[in-house]
Amino acid sequence: MLIVPKELFQQMVRIRREIHMHPELGYQEENTAALITKELKRLGIKATTEIGKTGVIGQINDTGPVVALRADMDALAIQEETGLEFASKTDGVMHACGHDGHVAMLLGAASLLKETLKTGSVLLVFQPAEEGGGGARKIMESGLLDKAKAIFACHLDRHYKAGYLVVQPGPISAFTDRFDVTIKGKGGHAAQPHDAIDAIVVASLIVMSLQTIVSREVNPLYPSIVSVGRIQGGSVPNAVAETAKLSGTIRTTETQIRTQIMSGITRIVDAAGILHNADVSVDFTMGYPSVINTVKESEIAREAVRNIIDDKALVDGQFASMGGEDFSYYLEKIPGCLVRLGAQKDGLESIPAHSSTYDFDENALGIGAAFLAEAAKLAIKHLS
């Protein structure tokens, strides 16, 4: 499906592959930022660089209502195993979430807008460190988006074929919080367990008990997850472990459920310590907020999809993803919409993002560029 000029599509593919071959981790995207700046300059678009260390913001026009478009730039610490001819040349680093495509799409949208934008101003936000670094917060702290009245973004989605877009008002991603539990018991020989306090037994009780929070305490109408992803304890098989540590993630979409789960974790951890006479503690690290698309901007996004393709391209997303996205920091201040863009590649239907063999259908690039440009123009029209 080619809905942008062929030359522009080929340019986006070239850019995507160049970035894919040279991936950079969060706040290290110097070469990516240089490529973006060069392309913006070629298009005659003013660019401000080194925002939040490596971010770039281009601006088309400087009068009228201001709308922002965002793409994230960072890669992941994964060794690529795709076998692509343009595979990563950097050991242990890979674009395994489509951010290379996001950059190419926004540069494509910039090209379209440079030729067609008649009124208003568009900020082209190339953001560092989405993958855990919270680069969106750095962009917001710069103050360069203070005048923006709406913001839009696309995220490639391997669940849908190219040509389909999910536009969903309300919560579309989860809070991404972390918890760390520390347990201190009393070490001893495994042959005399009565003289010890086994930290591994306490940890095991906590792990199993945590499963009851979601299954028995949280209203099942509210999506939520408590998962323990790491447990450490002991050093030899014939000794009772004196200490143990476990770490996990909490995923929720509602503030009150987030609070309820944290309270439940604290209660269970404290109770396990009392039950086994161990010293225990739990610490929480707040992650990204939930992405909550605003209603008006979601309708603008739907109108943009209808204009560039048709109604049949719209997919009704009924449920939020339990993944995280720092686009949420923009939406705390600016009305906006993050759209999921179908990009499933034939033969890779079961390959998730953040996988060493991840890839996407490059036909999505033209659709994403056209959508972003159209959404910006429609938002300006609504704001004028």
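The values are calculated or read from the model by the stated rules, or taken from the named source; none is laboratory data. Being a predicted model, the structure only gives us computed values, none of them experimental. Using ideal geometry, Cβ is built from the backbone for each residue, glycine included, and neighbour counts are taken over all protein chains shown.
Laid out as a table, the results:
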{"quantity": "Subset of the range 287-325 [out of contact with any Ser or Thr (no Cβ under 9 Å at 6 or more places or on another chain) and outside any helix (DSSP H, G or I)]", "calculated": "293, 294, 309, 310, 314, 315, 316, 317, 318, 319"}
{"quantity": "Search result, residues across the range 51-102 that are at pLDDT 95 or above, of a type in the set (D, E, K, R) and either in contact with a strand residue (DSSP E or B) (Cβ under 8 Å, 6 or more places away or on another chain) or closer than 15 Å to residue 131 by Cβ (or both)", "calculated": "53, 70, 72, 74, 80, 100"}
{"quantity": "Any pair with Cβ under 7 angstrom, 6 or more apart, that starts in the range 300-326 at a residue that is in contact (Cβ under 8 Å) with a residue 24 or more places away in the chain and ends at one that is acidic (Asp, Glu) and assigned to a helix (DSSP H, G or I)", "calculated": "304/374; 307/374; 308/374"}
{"quantity": "Filter pass, residue 85 being among the acidic types (Asp, Glu), surrounded by fewer than 23 Cβ atoms within 10 Å (Cβ to Cβ) and free of Cβ contacts under 8 Å to residues at least 12 places away in the same chain", "calculated": "yes"}
{"quantity": "Matching residues, the range 228-242, being part of a strand (DSSP E or B), in contact with a Gly (Cβ under 8 Å, 6 or more places away or on another chain) and surrounded by 12 or more Cβ atoms within 10 Å (Cβ to Cβ)", "calculated": "228, 239, 240"}
{"quantity": "Selection within the range 114-133 - over 14 Å from residue 29 (Cα atoms) and small (Gly, Ala, Ser)", "calculated": "120, 121, 132"}
{"quantity": "Residue in the range 243-261 that is surrounded by the most Cβ atoms within 10 Å (Cβ to Cβ), counting only those that are more than 22 Å from residue 276 (Cβ to Cβ) and among the hydrophobic types (A, V, I, L, M, F, W, C)", "calculated": "250"}
{"quantity": "Test: residue in the range 159-171 that is under 30 Å from residue 311 (Cβ atoms), charged (D, E, K, R) and not in a strand (DSSP E or B)", "calculated": "yes"}
{"quantity": "Criterion: small (Gly, Ala, Ser), touching a Ser or Thr at 6+ places or on another chain (Cβ under 6 Å) and surrounded by fewer than 16 Cβ atoms within 10 Å (Cβ to Cβ) - qualifying residue of 44, 64", "calculated": "64"}
{"quantity": "Sole exception among (1) under 28 Å from residue 354 (Cβ atoms); (2) not in a helix (DSSP H, G or I); (3) not aromatic (Phe, Trp, Tyr) for residue 136, by number", "calculated": "(2)"}
{"quantity": "Strands (runs of 3 or more DSSP E) fully within the range 1-103 counting 2 or more residues that are among the aliphatic types (A, V, I, L, M) and within 25 Å of residue 163 (Cα to Cα)", "calculated": "66-72"}
{"quantity": "Residue tally, condition β-branched (Val, Ile, Thr), over 19 Å from residue 49 (Cβ atoms) and not in a helix (DSSP H, G or I), over the range 104-133", "calculated": "1"}
{"quantity": "Criterion (surrounded by 14 or more Cβ atoms within 10 Å (Cβ to Cβ) and either under 25 Å from the mean Cα position of the chain (by Cα) or hydroxyl-bearing (Ser, Thr, Tyr) (or both)) met by exactly one of 77, 33", "calculated": "33"}
{"quantity": "Condition check for residue 260: in the same structural domain as residue 200 (by TED's automatic domain parsing) and closer than 30 Å to residue 149 by Cα", "calculated": "no"}
{"quantity": "Checking residue 274 against (1) of a type in the set (Val, Ile, Thr); (2) surrounded by fewer than 19 Cβ atoms within 10 Å (Cβ to Cβ); (3) touching a residue at least 12 places away in the same chain (Cβ under 8 Å); (4) not assigned by TED's automatic domain parsing to the domain that holds residue 121, the condition it does not meet", "calculated": "(3)"}
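Here is a yes/no grid of residues against (1) without any contact (Cβ under 8 Å) to a residue 40 or more places away in the chain; (2) outside the structural domain of residue 227 (by TED's automatic domain parsing); (3) surrounded by 24 or more Cβ atoms within 10 Å (Cβ to Cβ):
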{"position": "137", "(1), (2), (3)": "no, yes, no"}
{"position": "151", "(1), (2), (3)": "no, yes, yes"}
{"position": "165", "(1), (2), (3)": "no, yes, yes"}
{"position": "181", "(1), (2), (3)": "no, no, yes"}
{"position": "196", "(1), (2), (3)": "no, no, no"}
{"position": "211", "(1), (2), (3)": "yes, no, no"}
